[in-house]
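Down below is the structure, laid out as structure tokens.
The values are calculated or read from the model by the stated rules, or taken from the named source; none is laboratory data. Every value quoted in this text rests on a predicted model; they were computed, and no experiment measured them. As a convention, Cβ positions derive from the backbone with ideal geometry for all residues, glycine included, and neighbour counts pool all protein chains shown. Heads up: the accessible areas ignore ligands, DNA and RNA and are worked out on the full protein's heavy atoms, side chains in. Shrake-Rupley method; radii C 1.70, N 1.55, O 1.52, S 1.80 Å.
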Amino acid sequence: MNFKGALPTLILETLVQQSCHGYAIAQQIKERSRGVLDFKEGTLYPALHKLENEGLVESFEGMENGRVRRSYRITRAGRGVLARDRDEWRELSKAVNAILGEA
Amino acid sequence: MTGLEMWLKRATRWLSTDSAAQVCAEIQEHFAASREAAMSAGASEEEAERSALAALGDAGAANRQYRRVLLTAREARFLRERGWNPEADYRRGWLRWFVLFWAVAATSTGIWAWIAGQAFLTQMMLLTAVALGLCGLPMFISFFTPKRGRIYRAAKWTFILAVTIPALLTFRNPWVIPFVLLLTLWSEWTRMSIRRKMPVERWPKHLYL
């Protein structure tokens, strides 16, 4: 399913639960959507860089299984944007449901 | 060359050396995690590598997205070649007073020319005064914050357009003006793209102006 525009919101939503690295973010989105949102993982990092440039997430290096891994956490500004995106999505889905329900 | 190396070569095309190194590090890390997960689920090493590579998707599409968010080789060269630090230059006291002197001189000459009925000279002198004022303003007021930088750039572009549009309509050989304007636009476009890609705290000072 194409959800290119929603990817930054989904990343923020994943990171609001806990800080994690890129691979874990990709897996969580797939698992939580029960495989419906199966996106190409090469496009995850450009989205993460964009969020980082905008100050919505920040990255840090941590050790995991003896390997240095770059992980990401949501910032306060990111939480604000996520709250706004959630509201917008609820409004939009309500409107689309109203139209589709009429058909 | 392995499948991953070929993927990375395509995904990092036209990116700066630093950006390419960053992409390689994060994708290699991701690829290793993906391969390990597949192997622990029972896949053979070959199958695990194939599925990890397939999960990355099209390298060309990733490259297009990376170029939107990371510095390209051209932008990195632009930053290197224009390593000007206006804040350091503007601290020189003599430069401030030199620019201020000529701005005041141009304004005074403009006023005198207006009184004397010299319309063309009045316009030229006042334009010179505004241009010098725009150059000299950051020497007296700090514009090195995102908000102030935006105000300064808006004033700069208003002035550039206010000068070039009448000049295009007036001069006999107007091709020189679009040529200069295109060069300026190209430079500004590159600066705008760099501003979008870099966090504010990493901006060199000349990007604010």
Inspect all residues belonging to the stretch A:86-100 and state whether any of them is touching a strand residue (DSSP E or B) at 6+ places or on another chain (Cβ under 7 Å) and of a type in the set (A, V, I, L, M). no
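Could you tell me which of the residues A:Ser71, A:Ser59 is surrounded by 13 or more Cβ atoms within 10 Å (Cβ to Cβ), touching a residue at least 40 places away in the same chain (Cβ under 8 Å) and within 11 Å of another protein chain (Cβ to nearest Cβ)?
A:Ser71
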- Task: Restrict the check to the stretch B:117-133 and report whether at least one residue is more than 26 Å from B:Thr164 (Cβ to Cβ) and of a type outside the set (Ser, Thr, Tyr).
- Result: yes
Of (1) in contact with a Lys or Arg (Cβ under 7 Å, 6 or more places away or on another chain); (2) away from chain A (no Cβ under 11 Å); (3) not β-branched (Val, Ile, Thr), B:Ala52 fails just (2)
Selection from the stretch B:110-151 of residues buried (at least 16 other Cβ atoms within 10 Å of the Cβ) and within 25 Å of B:Arg202 (Cβ to Cβ) yields B:Leu137, B:Pro138, B:Met139, B:Phe143, B:Phe144, B:Gly149
In the stretch B:39-58, anything buried (at least 19 other Cβ atoms within 10 Å of the Cβ) and of a type in the set (A, V, I, L, M, F, W, C) is listed as B:Ala48, B:Ala52, B:Leu53, B:Ala55, B:Leu56
Being in contact with a strand residue (DSSP E or B) (Cβ under 6 Å, 6 or more places away or on another chain), of a type in the set (Phe, Trp, Tyr) and under 21 Å from B:Gln28 (Cβ atoms) narrows A:Tyr45, A:Tyr72, A:Tyr23 down to just A:Tyr72
Of those in the stretch B:152-209 that are free of Cβ contacts under 8 Å to residues at least 12 places away in the same chain and not in a helix (DSSP H, G or I), the residue nearest to the other protein chains (Cβ to nearest Cβ) is B:Pro199
Just wondering, is there one or more residues in the stretch A:8-28 that are within 10 Å of chain B (Cβ to nearest Cβ), polar (S, T, N, Q), open to solvent by 20 Å² or more (accessible area, probe 1.4 Å) and within 27 Å of B:Arg196 (Cα to Cα)? no
Turns out the helices (runs of 4 or more DSSP H) fully within the stretch B:50-151 with at least 1 residues that are modelled with pLDDT of 90 or more, closer than 30 Å to A:Glu52 by Cα and in contact with a His (Cβ under 9 Å, 6 or more places away or on another chain) are B:59-69
- Selection status of A:Leu37, of a type in the set (A, V, I, L, M), away from chain B (no Cβ under 13 Å) and under 17 Å from A:Tyr23 (Cβ atoms): yes
Considering the stretch B:152-207, residues that are small (Gly, Ala, Ser) and over 19 Å from the mean Cα position of the chain (by Cα), and then whichever is surrounded by the fewest Cβ atoms within 10 Å (Cβ to Cβ), we arrive at B:Ala162
